[in-house]
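Structure, as structure tokens:
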Amino acid sequence: MKHGIIHHSGARKILPKILFVPLFCVLLLMTGNAYCQITSSDIIGRLYYTAKVWGYLKYFHPAVNGCNKNLDSILIAIIPEVESDTTDSAFNRSLLKLFAYAGPMPAATTPDPSLTADQRINLDLAWQRDATLSPEIQALLDSIRANFRPVQSCYYQFNPNYVPPYSINENSYSTSIAITEPYRLLTLFRVWNLYNYFYPYKTLLDSSWDSTLMEMIPLARGAETTTAFHLALMEIQAKLQDAHAVAYSDTLSSHFGYHYFPMIFSYIDSQTVITKVFNGVTGVRPGDVVVSINGVPTQRIRDSLIKYTPGGNAAVINRNISLSLLQGQSSLAQTVVVNDGSGPRTVAVKRTSYQGEVGDSMNYWQGDGSHWKILPGNIGFVNMGLLDSSDVEQIFPALKDAPAIIFDMRNYPQNFLIYQLCDSLMPNSVPFARWFIPDPYYPGTGQITVTNCGPSSENPNCYKGRVILLVDEVTQSRAEFFAMAFSHAPRALIIGSQTAGTDGNIDYTSYPTNISMYYTSYGVSFSDGRQTQRIGIIPNVIVHPTLAGIRSGTDEVLDTAIVLAGGFLAVYVPQPISSEIQAYPNPLTSTTTITLSSPAAGFAEITVVNLLGIEVARVFAGAVDAGERSFVWQKPSGLPAGMYECIVRMNGHAERVGMIVE
């Protein structure tokens, strides 16, 4: 999934009705120990077991799993009883009503399938032996466990029009009913059990999924408004530690606003930094540190958003928080304090953009918009965010003798071209990805398969040069999958910083109170078992953008790649020849003379840009006569050493010359 804008910028604190959970139980659950003794006086503990028993019956009892009986109504009926029960025996009598409605478990007539431990990663049923549950309840659970056989679930099925399985056949209920406490708990129990049996990365979480249930029950009970409840559900999404796990609802959009600052924020050197400004925006520029928004320090806002923000590592969480900071309710001018290094200044910035524009700018924008191009030294550069099938047909014939091809994956590939590219990059087929596919027929288990990259037969004409991959925290999901494959090329090199660690197909489920919640539904790791979820793709050469680089328009990651590829630090794009341009001296330390020779008079514009195409200097703009004319360019103070390009636009054509600033 491409990166979503998380609907949060802060939240009023909700005080749940009951916050008490025994501390020793929380500590045991956080370490994965399910044997926390819950007393009959502990409402949260009783609801915890109710959620687990109800979920087990839902997915494993054939009368319920086959949609012949809907267990929702019985759960709604017993929740008040469970909350008021004061003894273990009373609590177990309440639970027995769930079993009575489901009916006896039919005896199995076929053997239980043999599954490996790797296939049963979400099938932890140790809780069924907890002493809180009566012998009668345990016997009923034993009967279901012994006689269950794989069967198509009514509630979780493969989508015939889309590969991942999805949740289906759930009652939605009207919001006026769904927001009452029993139905809020029903929704929570649905969410928790779906992830408990079908989330492929449950075993990679920092805290046990049981402890999350214990934490979320008080929040759900105390969230008496739709907004408060949706905020609580955002917290459970964040507990998945999965950047795919966003939550969407009209309630959240209305609460947090539909308006966005027309720019991109990034987290650089532990500061919120403007890294891109959309056309027409004045008063701010790339490299400005955002000190505060409407009087609130930016770091304080960031800290308040952590519990709502999905992501499996610090890099992607900070990326998502930076996106959330753009959002607000009003499109009117907001008071923003920024600092470009010379001191703070206050500017008024309107939120004039919308979610799609901001997301697309981050996912697909890169440099001058070229799908691919040739850099000095015959180095290939491919923008994976824009690449399409027709480009692939041109790239390899044009670059077959290039010493290196740089694949920029700091974006989201619009087109799934992995196998087309693999066939040209690899000499033969090699396994690169191992999939865990949750089984709709057997909750808690999954099937394992492996995907290869490369042609089915030997390809002696594959690309022989160095394959360089550029990655960062924007590299997510499909982009990470591409990087996994291309990293198996014979001379692959990965440059950049930690990726999002969010790989695999995405799915979503809609829940009562009109909220949709996304999650990764297929698990992916390297074919040799190395983890990618949360960790991401690990670069061979680690390079982080710096504040100085952003202010100067320097792309340090790309610069490093070009140097390691043996190229020159300037971009060359073939253009129709209408005039000539030279720069001397080149490389330069302080000044250079730019000489323009033109066969005809016209209007000329001379600029200097960095490798992202961002202008760092305007040398001249005006009328010139036919013939030769020279312009002296003084390197701006503070411009870092690196690769730049001088561009002359005249009479409908553009001429370029690479320049190295020392």
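The values are calculated or read from the model by the stated rules, or taken from the named source; none is laboratory data. Source: prediction; values computed, not measured. Using ideal geometry, Cβ is built from the backbone for each residue, glycine included, and neighbour counts are taken over all protein chains shown. When the accessible area is computed, the model is the full protein with side chains, heavy atoms only, and any ligands, DNA or RNA have been set aside. Shrake-Rupley method; radii C 1.70, N 1.55, O 1.52, S 1.80 Å.
Global dimensions of region 87-166 from alpha-carbon coordinates: Rg and Dmax equal 15.9, 49 Å. For region 43-104, the percent of C-alpha pairs falling in each 10 Å distance bin, counted from 0 to the bin holding the largest distance, reads 24, 56, 20, 1.
By a 1.4 Å probe calculation restricted to protein chains, Glu393 has an accessible surface near 120 Å², given to the nearest 10.
Solvent-free Debye calculation, one equal scatterer per alpha-carbon of region 593-651: log10 I(q)/I(0) at 0.14, 0.27, 0.30, 0.31 Å⁻¹ equals -0.41, -1.16, -1.33, -1.38. Over all pairs of different C-alpha atoms in region 339-466, the reciprocal of the mean inverse distance, the Kirkwood hydrodynamic radius, equals 18.2 Å.
Taking every Cα-Cα distance in region 394-553 and sorting them into 5 Å bins starting at zero, the pair-distance distribution P(r) comes out as 2, 8, 15, 19, 18, 14, 10, 7, 4, 2, 1, 0 percent.
Summarising the overall dimensions of region 147-274 from its C-alpha atoms, the Rg and Dmax are 17.6, 59 angstrom. Among Leu194, Leu115, the sequence by solvent-accessible area, most first, with a 1.4 Å probe is Leu115, Leu194.
The ellipsoid equivalent to the alpha-carbon distribution of region 320-406 has semi-axes of 39, 17, 9 angstrom, derived from the gyration tensor eigenvalues as √(5λ) and listed largest first.
Computed from backbone phi with θ = phi - 60° and the Karplus coefficients 6.51, -1.76 and 1.60, the 3J(HN,Hα) list for region 135-149 is x, 5, 5, 4, 5, 5, 5, 4, 5, 5, 5, 6, 10, 5, 10 Hz; x is used for glycine and proline.
Given 20 °C and 1.002 mPa s, compute D for region 276-315 with the Stokes-Einstein relation, Rh being the Kirkwood radius over Cα pairs; round to the nearest whole µm²/s. Result for D is 171 µm²/s.
Both radii are taken from the alpha-carbon atoms of region 438-481; with Rh as the Kirkwood radius, Rg/Rh is 1.15.
If you line up the long axis of helix 389-399 against the longest principal axis of the chain, both from Cα atoms, how many degrees apart are they, to the nearest 10? Its long axis makes an angle of about 50 degrees. Rounded to the nearest 10 degrees, the angle from helix 43-60 to the longest Cα principal axis of the chain is 80 degrees. Translational diffusion of the chain was estimated from the Stokes-Einstein equation, with Rh taken as the Kirkwood radius over Cα pairs; at 20 °C and 1.002 mPa s the coefficient is 77 µm²/s. When the square roots of the Cα gyration tensor eigenvalues are ordered a ≥ b ≥ c, the ratio a/c for region 451-530 is 1.5 or more and a/b exceeds b/c, which makes its shape prolate.
Place a point 7 Å from Cα of Val296 in the direction of its Cβ. Which residues in region 314-328 have their backbone N less than 17 Å from it? Only 320-328 fall inside the zone, counting backbone N under 17 Å. Against the chain, whose longest principal axis is taken from its Cα atoms, helix 181-198 shows a tilt of about 70°. Estimated purely from DSSP H runs of n ≥ 4, each contributing -39500 (n - 2.57), the mean residue ellipticity at 222 nm for the chain is -9000 deg cm²/dmol once divided by its residues.
Take the chain with all the other protein chains still there, run a 1.4 Å probe, and you get 39 Å² of accessible area per residue.
With contacts taken as Cα pairs under 8 Å and at least 6 residues apart, the chain reaches a relative contact order of 13 percent.
Sorting the Cα pairs of region 222-314 by distance into bins of 10 Å, from 0 upward, gives 14, 36, 38, 12, 1 percent per bin.
Surface composition of the chain: carbon plus sulfur atoms hold 54% of the accessible area, using a 1.4 angstrom probe and ignoring ligands, DNA and RNA. Accessible area per residue was computed with a 1.4 Å probe on protein heavy atoms; Phe148 scores about 10 Å².
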